[in-house]
1. Which of the chymotrypsin sites (Phe, Trp or Tyr not before Pro) found in the stretch 1-105 are in a DSSP loop and have at most 16 neighbouring Cβ atoms, other than their own, within 10 Å?
2. Please calculate how many Å² of accessible area the chain carries per residue, with a 1.4 Å probe and no DNA, RNA or ligand atoms counted.
3. Ignoring any ligand, DNA or RNA, what whole percent of the accessible area of the chain comes from carbon and sulfur when the probe is 1.4 angstrom?
4. Scaled to the compact-protein estimate 2.2 N^0.38 Å, what is the alpha-carbon radius of gyration of the chain, rounded to two decimal places?
5. Please list, by residue number, every one of the trypsin sites (Lys or Arg not before Pro) in the stretch 1-67 that is coil in DSSP and has at most 16 other beta-carbon atoms within 10 Å.
6. Charges only on Cβ, +1 for Lys and Arg, -1 for Asp and Glu: so what's the dipole of the stretch 3-49 about the Cα centre, in debye to the nearest 20?
7. Compute, for the stretch 1-89, the length of the dipole vector about the Cα centre, with Cβ point charges of +1 (Lys, Arg) and -1 (Asp, Glu) only. Units Debye, rounded to 20.
8. Restrict the search to the stretch 45-115; then list the GluC sites (Glu not before Pro) that DSSP places in a loop and that have at most 10 other Cβ atoms within 10 Å of their Cβ.
Amino acid sequence: QVQFVESGGGLVQPGGSLTLSCAPSSRIYGITTMGWFRRAPGKKRELVASIMTGGFTFYEEPVKGRFSISTNRAENIMYLQMNNLTPEDTAVYYCNTTPETPAYWGQGTQVTVSS
């Protein structure tokens, strides 16, 4: 069963930065669009940012200008650079295709922004 594996989360102070990484447990072919999602406490999982094969990116308004999504397709890894973090960014972060493939959900990585 292929799943995505997320890493790089942790505890960071407001204004700090983190870089998340995502890779599949085994190589997946034919993906054109990938995305980062997050689930904040008490809320539904939501899309944060996505990136297409040609490099076109999309960001939801709350993270625009602070987060940057990128891929290393040779290594089959996707990144999420997060800057100027706020407590509202506290969530479990996941990666998946967009639209999401239910079977690919991994465990996510916890990001906690707190002083």
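1. Counting only loop positions with at most 16 other Cβ atoms within 10 Å, the chymotrypsin sites (Phe, Trp or Tyr not before Pro) in the stretch 1-105 are 29, 56, 105.
2. Spelled out: the 1.4 Å probe surface of the chain, per residue, equals 54 Å².
3. In the chain, the share of accessible area belonging to carbon and sulfur is 52 percent.
4. 0.99
5. Counting only loop positions with at most 16 other Cβ atoms within 10 Å, the trypsin sites (Lys or Arg not before Pro) in the stretch 1-67 are 27, 43, 44, 64, 66.
6. 180 debye
7. Using Cβ point charges on Lys, Arg, Asp and Glu, the stretch 1-89 gives about 160 debye.
8. Sites meeting the loop and neighbour criteria: 75.
The values are calculated or read from the model by the stated rules, or taken from the named source; none is laboratory data. Note that the structure is predicted; figures quoted are calculated from it, not measured. Positions of Cβ are generated from backbone atoms using ideal geometry, with glycine treated the same way; all protein chains shown enter the neighbour counts. For accessibility, only protein heavy atoms count, side chains too; no ligands or nucleic acids. Shrake-Rupley method; radii C 1.70, N 1.55, O 1.52, S 1.80 Å.
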